[in-house]
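Here's the structure, in structure tokens; my notes come after.
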Amino acid sequence: MTSKNRYARVLLKVSGEALMGDGQYGIDLVTVDRIADEVRSVTALGVEVCLVIGGGNIFRGLQGAAKGMERATADYMGMLATVMNALAMQNALERQNVDTRVVSAIPMTTICEPYIRRRAIRHLEKKRVVIFAAGTGNPFFTTDTAAALRATEMGCNALLKGTQVDGVYSADPKLVPDAERYETLTYMDVLANDLKVMDASAISLARENRIPILVFSIHQPGSFAAVLSGAGRCTIIAEGE
């Protein structure tokens, strides 16, 4: 790791919707390639990187449940969508010569490895990118919570959430033009003000394990590496002084 980077090992959480590009559904391969290039540029700096990708571009469990589907069944379908996204990202990374492993919380050994904590850590130590698929493997938990859990298990120095905007705002800046943007927040600020950054379980888990959360725009070229070096635009969520 170079001296410019503050973190030796990080987890990047990307929503499934981020993979849609300008589409309304599915996977836009140009967008996947661009995000893969962001990851490649960070690994080139010597940072160990793991990812969690949502599945909302293919299927959202909560929406399925809202339409009458049993919640557990809907959540399992959402987990399978994250595996599809993980395989797409693995393909994009390996076409850029980045050694990558997909590990799934739901065993499906024909296409990816089962999640074994010590094996995943070993992959990171060997400078492989590890993509955690299928959430936590349990219904009723979001991929945000899975990201906080895996970041904790992997001993990550930071959890980065790549979003549509360049940080955390008091309201959706696309709907409320004068929404306030925050440079820093505490975990309790996020929970007390019900800021829609990550779900409460994910925030609480990060807080308990003192893992800072950096929220930035995944669509700004070079932003992933810039945020890690301290030069990028982001909101930092951490423990208060």
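Below is a table of values for the structure above.
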item	result
Hits in segment 163-178 (condition: surrounded by 15 or more Cβ atoms within 10 Å (Cβ to Cβ) and either farther than 19 Å from residue 238 by Cα or of a type outside the set (Phe, Trp, Tyr) (or both))	163, 165, 166, 167, 168, 173
Test: residue in segment 184-199 that is within 15 Å of the chain's Cα centre (by Cα), at pLDDT 95 or above, farther than 14 Å from residue 165 by Cα and in a helix (DSSP H, G or I)	no
Residue identified as within 25 Å of residue 31 (Cα to Cα) and part of a strand (DSSP E or B) among 228, 159	159
Neighbours by Cβ (under 6 Å, 6+ apart or cross-chain): first from segment 88-109, touching a residue at least 40 places away in the same chain (Cβ under 8 Å) and within 22 Å of residue 28 (Cα to Cα); second outside any loop (DSSP other than H, G, I, E, B) and small (Gly, Ala, Ser)	92/36; 93/36; 96/36
Selected residue (only one of 46, 56 is part of a loop (DSSP other than H, G, I, E, B), under 14 Å from the mean Cα position of the chain (by Cα) and closer than 26 Å to residue 120 by Cα)	56
Unique match (being out of contact with any helix residue (DSSP H, G or I) (no Cβ under 9 Å at 6 or more places or on another chain) and surrounded by 15 or more Cβ atoms within 10 Å (Cβ to Cβ)) among 17, 38	17
Members of segment 1-43 found to be of a type outside the set (S, T, N, Q), part of a loop (DSSP other than H, G, I, E, B) and over 20 Å from residue 156 (Cβ atoms), listed by number	21, 22, 23, 25, 26, 27, 28
Test: residue in segment 55-77 that is basic (Lys, Arg), more than 26 Å from residue 158 (Cβ to Cβ) and at pLDDT 95 or above	no
Output for segment 29-83, where each listed residue is within 20 Å of residue 161 (Cβ to Cβ) and among the acidic types (Asp, Glu)	37, 38, 48
Positions within segment 89-139 being small (Gly, Ala, Ser), out of contact with any Asp or Glu (no Cβ under 6 Å at 6 or more places or on another chain) and either part of a strand (DSSP E or B) or crowded, with 18+ Cβ neighbours inside 10 Å (or both), in sequence order	104, 105, 120, 133, 134, 135
Any hit, segment 207-215, residues being assigned to a helix (DSSP H, G or I), surrounded by 19 or more Cβ atoms within 10 Å (Cβ to Cβ) and at pLDDT 95 or above	yes
In segment 162-183, residue nearest to the chain's Cα centre (by Cα) [restricted to those that are part of a loop (DSSP other than H, G, I, E, B) and closer than 24 Å to residue 21 by Cβ]	164
Meets criteria (within 14 Å of residue 88 (Cβ to Cβ), of a type outside the set (Phe, Trp, Tyr), buried (at least 17 other Cβ atoms within 10 Å of the Cβ) and touching a residue at least 24 places away in the same chain (Cβ under 8 Å)) for residue 32	yes
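The values are calculated or read from the model by the stated rules, or taken from the named source; none is laboratory data. Everything numeric in this text was worked out from a predicted model, so none of it was measured. Every residue, glycine among them, receives a Cβ derived from its backbone with ideal geometry; neighbour counts consider all protein chains shown.
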